[in-house]
Structure formats: structure tokens, C-alpha cells
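The values are calculated or read from the model by the stated rules, or taken from the named source; none is laboratory data. What you see is a predicted model, and the numbers here were worked out from it, not measured in a lab. A quick note on method: Cβ atoms are made from the backbone with ideal geometry, for glycine too, and the neighbour counts reach across all protein chains shown.
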Amino acid sequence: MPECGLCERTVAKTTRHHLIPKNRKESDTVDLCEPCHRQVHATFTHHELRYYYDTLERLKKSEEMRKFVRWLRKTNHSKVKVRDSKRVRDWRG
């Protein structure tokens, strides 16, 4: 069974996260569980992902993702409802 690159849980399935959005042909990818992948995109704009969180290490160090991963590890859920942050909602318009 695969392991999520962020929360490091063993999960039934992972999704591929492009570290540089909108540049998928040249972007490195990491395997994330569905809750972590949704949380990354709910927390950060594409601009932030492209210029600040373009490596797995930087994503792991972000306070927002550290909090989420701590919570997720405690819950051990595979299905988690994720809400976009206000900053992401505003950016998407």
C-alpha cells in the first residue's frame, strides 16, 4: 500500500500532486493522500505553491500543513471535508 508524502500514513490510494501548478509538463510530483492533496489546494493559491511551496520539504514545514497533518494522524480518517481558506476563496474570486 502506498504512503502519503505529507502525513506519511499508509493509505489505499494516493493522488499525484504537481509541485509547480500550471506547469505540469516540467513539474516534479509527489504522491499525497486525498485529504492532504485537497488541503494543500484549499490552503495555498497557485501562486504560493509555485513560488513558496514548490518542494515537499517546504510543504511539510508550513505551519498550516503541520497543523492539518497532526490532526489527520489523530483522526485516521480517509474521507475528510476540506474548506478553502478565505485567502484562496478571495484569490479564486
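For the chain, please list each of the helices (runs of 4 or more DSSP H) lying entirely inside it that holds at least 3 residues being modelled with pLDDT of 90 or more. Step through it out loud before you land on a result.
Numbers: elements: 34-43, 46-51, 56-61, 63-75, 86-92.
Those helices (runs of 4 or more DSSP H) span 34-43, 46-51, 56-61, 63-75.
Which residue pairs have Cβ atoms under 9 Å apart, sit 6 or more places apart or on different chains, and have a first residue in the range 3-16 that is farther than 10 Å from E34 by Cα and a second that is among the charged types (D, E, K, R) and in a loop (DSSP other than H, G, I, E, B)?
E3/R9
Taking into account only those residues within the range 15-44 that are polar (S, T, N, Q) and surrounded by fewer than 19 Cβ atoms within 10 Å (Cβ to Cβ), which is nearest to K74 (Cα to Cα)? Please lay out each step first, then the result.
Here is the first cut: in the range 15-44, the ones polar (S, T, N, Q) are 15, 23, 27, 29, 39, 43.
Applying the additional criterion that residues be surrounded by fewer than 19 Cβ atoms within 10 Å (Cβ to Cβ) yields 15, 23, 27, 29.
On the way: T15: 21, N23: 34, S27: 31, T29: 26 Å.
That would be T15.
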